[in-house]
Amino acid sequence: MSMEIIRALPHPEEIKAQYGLTPEQAKVKAERDAEVAAVLKGESNKFLMIIGPCSADREDAVLEYIHRLAKVQENVKDKLLIVPRIYTNKPRTTGDGYKGMLHQPDPTKGADMLSGLLAIRRLHLQAFEDTGMVCADEMLYPENYAFLSDVLGYIAVGARSVENQQHRLVASGIDLPVGMKNPTSGDLTVMINSITAAQHPHTFLYRNEEVRTTGNPLAHAILRGSVNPYGQTQPNYHYEDLSRLYEMYAAKGLQNMALIVDANHSNSGKKYLEQIRISNEVLHSCRHSDDIKRMVKGLMIESYLEDGAQKVEEGVFGKSITDPCLGWEKTEKLLYTIADQL
C-alpha cells in the first residue's frame, strides 16, 4: 500500500480538554476577538498589524518575539491593533523542506504529528496567557482548525489554498476573521469568489460529519502579489491595484469591504527589507483616497528577532528558517512609524 496509517490522532476536544482556556481567559479572548472584528467592520479606526515570523520554528524564540510585541502594543494601543503571527504549518511549493511546527515540533528531527498538535496548541495558549494578545495562523489543513478554534484570533487562507472548495466552506463556519489571499496567478476574481463563498451558508462534509454553516461576514481579502507565466513576481499593492480591487468589491456587494495588504511574498519579491517601503506606500495611498482608506484595514508583515533567514542547522535564535524576515530593531521602528502616520 502507498499510504500507511501510522496511528489515530486524538479528537480535538480531547486535546482542548488537556490544554484549555479558563473561563476568565475565554472572556478576555472574546473581548480581543471583538476588537479585531470591529476594525474589519469599520466600527474602529485602529489599524491591524498582522506581524510575526514566516514560520514558528521554536517556542522560546516565538514567545520572546511576542513579549516584545506586547510592549509595543501598549504604547500604540490608540492607533494599532497588533495580531502576532504564529504560523505553525507551512505550504511548500515543491513539497520539500520544513513544513512547520505541526509536522516537526523540533526542526532538527523528523515528522511527529501528534507531538506537533500538542506543541502548536501549547504555543498558542502560552502566547495568549502571557500577553493577552490573540494570534494568527494559516489554515493549511482545514481539518486541523478544530484543534485551535478556541485560541486563534485570525486565520489566513494561502494563495495555493484559496481555490480549494473545502477551505472556502470551512471558512464559512468560522466565527473569526478569515483572510483570503489572491492566488499565485494574481486573478482577483478567484479571491473575490472565495470571499463570496466564505460569506455564504453551506452544508458539507467535515471531519466525517455532515455540518451546516451560517456564513462568515468577516471573510475578507489579502493582496500578496502574484507570479507571471515565467515565474517572475508581480506586485499588487500599488494605488491602481487598490483602486481596482475597491471597484470589484463594490460591484460584488460583499459584507464588510476589507483588505489586508501582505507586504512580503510576491509583493516584495521576497526581498524582506522592501516591506518597510511597501508599508509606507500603502499608507500613502490611503491618504490620497477615502475609498482606499476605508477598505485597507491593515498590513501583514513577516518579522522575527533577527534579520533574514538561515538553514535549520545554523541554529541562530530568532532567525527564520523559511522566508527571510525583518529583524526586531527594524520591526519596532516600522510599527512606531506606521502609528505616527495614522
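The values are calculated or read from the model by the stated rules, or taken from the named source; none is laboratory data. Only a predicted model underlies this, so the values are computations on that prediction, with no experimental measurement involved. Cβ placement follows ideal geometry from the backbone for every residue including glycine, while neighbour counts extend to all protein chains displayed.
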Say we look at region 234-264 and pick out the residues that are of a type in the set (S, T, N, Q) and at pLDDT 95 or above; which of these is surrounded by the fewest Cβ atoms within 10 Å (Cβ to Cβ)?
Q234
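This table checks each residue for (1) touching a Gly at 6+ places or on another chain (Cβ under 7 Å); (2) part of a helix (DSSP H, G or I); (3) β-branched (V, I, T).
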{"position": "M248", "(1), (2), (3)": "no, yes, no"}
{"position": "I260", "(1), (2), (3)": "yes, no, yes"}
{"position": "R277", "(1), (2), (3)": "no, yes, no"}
{"position": "H284", "(1), (2), (3)": "no, yes, no"}
{"position": "R287", "(1), (2), (3)": "no, yes, no"}
{"position": "G298", "(1), (2), (3)": "no, no, no"}
{"position": "G318", "(1), (2), (3)": "no, no, no"}
{"position": "K330", "(1), (2), (3)": "no, yes, no"}
{"position": "I338", "(1), (2), (3)": "no, yes, yes"}
Looking only at helices (runs of 4 or more DSSP H) that fall completely inside region 4-121, which ones have 3 or more residues that are touching a helix residue (DSSP H, G or I) at 6+ places or on another chain (Cβ under 6 Å) and modelled with pLDDT of 95 or more?
59-75
For region 114-124, check the following and say yes or no: at least one residue is surrounded by fewer than 21 Cβ atoms within 10 Å (Cβ to Cβ) and over 23 Å from H67 (Cβ atoms).
yes
If you scan region 197-207, which residues turn out to be crowded, with 17+ Cβ neighbours inside 10 Å and either part of a helix (DSSP H, G or I) or of a type in the set (K, R) (or both)?
A197, A198, Q199
Cβ-Cβ distance below 6 Å, separation of 6 or more or different chains: which pairs start in region 64-89 with a residue that is in contact (Cβ under 8 Å) with a residue 12 or more places away in the chain and end on one that is of a type in the set (G, A, S) and part of a helix (DSSP H, G or I)?
I66/A127; V76/A339; K79/A339; L80/A339
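Would you point out the residue of region 296-320, among those that are of a type in the set (A, V, I, L, M, F, W, C) and under 25 Å from V72 (Cα atoms), that is surrounded by the most Cβ atoms within 10 Å (Cβ to Cβ)? If you could, list the steps in order and put the result at the bottom.
First, the residues of region 296-320 that are of a type in the set (A, V, I, L, M, F, W, C): 296, 299-301, 305, 309, 312, 316-317.
Narrowing further to those that are under 25 Å from V72 (Cα atoms): 296, 299-301, 305, 309, 316-317.
Values: V296: 25, L299: 23, M300: 28, I301: 25, L305: 20, A309: 19, V316: 14, F317: 11.
Step by step, filter region 296-320, then rank; the result is M300.
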